[in-house]
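Structure first, commentary second.
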Amino acid sequence: MHKESTLNSSILPNRNSWIAIGLITLLFSILISYTLPKQSNNPILLTLFSIFLPFLVLCLFNIEYFLLIMLISTFSRLGILGNYISVSLSFVYFFVYLFTRKTLLKTEHDYSSKIEIALIVWILSFTPSLLHVADFANWIKPFLNLIALIIATFVTYKSYRGNRTFILFISSFLILTFVNGLTIFYQFFQSTNTAERVFGFMGIYYIDFVNVAVVSSIALLILGPKTYRVPLILLTLFYLTSLIFTQSRNSFLSLFMTLSILFLILMKYNFKFSFSRKEIIVKSIIALLTVIIILVLTTIAVPELATRFTELFESKGPEIGKEEELVSNSLVSRMLIWHTALNAFLQHPFFGIGLYNFPFISFEYATIPIFLYKQFVIYLTPHQTFIAILAETGIVGMFGFCTLLVTLLRLSFKCFRLSTTITNMRISLILLLSQIYVICSMFFTDAWLWGQSGMLWALLIGITLGHLKKLDMAK
């Protein structure tokens, strides 16, 4: 009884903590109040929001609630201090952890050490590349994304409290993704130009978020109770339909790669899922045919949706006097960026030109015509993770980054192998498929290194480590 009262009292902050919280909140509110009105048509509402929300969240002294705030912030394109709000909030997330760490669960085995080693290897491998950074004032803003990613990862891991935390996280994530999907349909049917791409309130990052939601709902469908199968099937089809309306080719390719790997996992570990291999093959074929039918019916009903899927095979002649029309689709425009990035790598093959530095010095390595560089390359990132890592950190940095990815995959698979109960298997499969999707998606985008996607990845990594810790304690 005495120990219980002591534990409960330790949750409450002392006077010095309140003073620190007040100062931090005041500073944070002033900074947000200064930046938000410049980006909104309703500055008064945003100013009040920025003043009271951080204070209320900090007063909760509940790290799980702030994890929810972090997740919600990844769905926002709102910018603070030159970065996405989720990136800025990660530093507040760290302070909340400091005030609540005494109440968190501890275990003898700390799996963060494996990630820490891999992370240190990567940091050491890209550090020499930073010698090429010249425009420090502009470079530091994107580099803060990496610091925020590291903070969010380890705070989430250290504060993970078990299945309750995961259920809160994944339920909120699926609901927010569903709401954004509804927004996509609303935007599309309200638009006068049906060929225009729509992404909902959260922007283009939705194409990766919705695929994480798809693999999560499929994992729940595979391991969930039969009574929830129909709602989960409908939810998965809804996500896929909303993805079609975004007209994103690369996300479909990433999803196909992920589901192909899922098929191999199901075939190898069919005994864990209580499925025969014949049953897995039949259901996979039915699922594939269903997706194809939905894709065909949707594009027949709305022919404009097929525009981006067919433009790769169409050839348009440029009009005289319009040189920029030589580039008629996004793949060719990306190849111009990749050409410049590969030039940078060839000139600095071992250590690269500096992590997050490509947008600021790409002009030094551009050999394409100047009008194409200004139209499609200037101030842009390489738009492909491995090309970005190769150009910005060289072969050495690529080795460190791949070490980090392999470590994450190994730990994710370990979660899956250690799971013995159906609940733990659901969580482990969702986390495993999410990590697999992130890595597959890296072949088509570099968005997982910063911004909304980067912060979601950090939260997923932290939860994966926390879940592995829980499985280890149960063992």
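The values are calculated or read from the model by the stated rules, or taken from the named source; none is laboratory data. Note that the structure is a prediction, hence the values are computed from the model and not measured. Heads up, the Cβs are rebuilt from the backbone with ideal geometry, glycines too, and the neighbour counts pull from every protein chain shown.
Within the span defined as the stretch 145-165, one or more residues are modelled with pLDDT of 90 or more and loosely packed, with under 15 Cβ neighbours inside 10 Å.
Taking the stretch 416-475 as the range and being closer than 22 Å to ILE85 by Cβ and in contact with a His (Cβ under 8 Å, 6 or more places away or on another chain) as the test, the residues that pass are THR445, ASP446. Among the residues of the stretch 177-203, those identified as surrounded by 18 or more Cβ atoms within 10 Å (Cβ to Cβ) and under 16 Å from the mean Cα position of the chain (by Cα) are THR177, ASN180, PHE199, MET202. Among residues of the stretch 277-288 that are under 10 Å from MET267 (Cα atoms), none has a beta-carbon under 7 Å from a residue that is loosely packed, with under 13 Cβ neighbours inside 10 Å and among the basic types (Lys, Arg) at least six positions away or on a different chain.
Only residues that are in a helix (DSSP H, G or I), of a type in the set (S, T, N, Q) and either modelled with pLDDT under 95 or crowded, with 24+ Cβ neighbours inside 10 Å (or both): list them for the stretch 380-402, please. Once the filter is applied, which keeps residues that are in a helix (DSSP H, G or I), of a type in the set (S, T, N, Q) and either modelled with pLDDT under 95 or crowded, with 24+ Cβ neighbours inside 10 Å (or both), the stretch 380-402 yields only THR393. The residues listed here are LEU312, LEU262, LEU297; of these, the one that is within 24 Å of ILE207 (Cβ to Cβ) and at pLDDT 90 or above is LEU262. Taking the conditions (1) modelled with pLDDT of 85 or more; (2) in a helix (DSSP H, G or I) in turn, PHE75 satisfies each one other than (2).
The single condition among (1) modelled with pLDDT of 95 or more; (2) more than 26 Å from the chain's Cα centre (by Cα) that THR367 does not satisfy is (1). Scanning the stretch 350-379 for residues that are part of a loop (DSSP other than H, G, I, E, B) and surrounded by fewer than 23 Cβ atoms within 10 Å (Cβ to Cβ) yields a total of 8.
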